[in-house]
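These notes concern the structure reproduced below.
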Amino acid sequence: MAYGIGFTEVRWDQWGELALGGFSGLGAAALFLMTFIRNIWVCYAGYIVFKCLYMLLITIAMFQIAADLTMERYALVFGANNFGALALQTIITSVVVDSRGLGLGIIPQFTIYASYFSLIAVLFSLRGLFTIWRSDTEPTAAVRNDPPDCDEHTF
């Protein structure tokens, strides 16, 4: 899925956040499915779907970030991004899994992770809808009544 996304013709600056929201929502649905279904094969299929969607999310997010960077800033931005993601993952794991934290069982852990992805889906979807709404309401250069060229007037 992550490889195939490179061949799609999508205006990621306009539709990227909405895509991130949609794919995060599908990932949350896969996690909720694994939480409440007692069939191991459905859980395996849900995990494969979740992992594919997660890799797709990472690919889109990295592209969104890289699109606005100069070559000199790649290492700094992606290094800081990966460090922040690792720190957040460590905190969530420590709080949810570790016995010194909440020490939750498997089902509550999956519920928390699915809720986390649901929250991310809502945030990205709202931001994506706002981006689309804003791009639809911005006037184009022809409509803005730009001043005429100086060649049309003689001084």
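List of remarks:
- Every residue from the range 1-16 that is small (Gly, Ala, Ser) and either within 15 Å of the chain's Cα centre (by Cα) or surrounded by 10 or more Cβ atoms within 10 Å (Cβ to Cβ) (or both): ALA2, GLY16
- ALA75 being open to solvent by less than 40 Å² (accessible area, probe 1.4 Å) and under 27 Å from ASP13 (Cβ atoms): no
- In the range 117-141, residue nearest to ILE40 (Cα to Cα) [restricted to those that are open to solvent by 60 Å² or more (accessible area, probe 1.4 Å) and touching a residue at least 40 places away in the same chain (Cβ under 8 Å)]: VAL122
- Single condition THR90 does not satisfy, out of (1) under 24 Å from GLU17 (Cβ atoms); (2) modelled with pLDDT of 90 or more; (3) of a type in the set (Val, Ile, Thr): (1)
- Residue in the range 57-64 that is open to solvent by less than 60 Å² (accessible area, probe 1.4 Å), hydroxyl-bearing (Ser, Thr, Tyr) and under 25 Å from PHE7 (Cβ atoms) present: yes
The values are calculated or read from the model by the stated rules, or taken from the named source; none is laboratory data. Owing to the predicted nature of the structure, the values given are computational and were not obtained by experimental measurement. Positions of Cβ are backbone-derived with ideal geometry, glycine not excepted, and every protein chain shown enters the neighbour counts. To get the accessible areas, we keep the full protein, side chains included, count just its heavy atoms, and leave off ligands, DNA and RNA. Shrake-Rupley method; radii C 1.70, N 1.55, O 1.52, S 1.80 Å.
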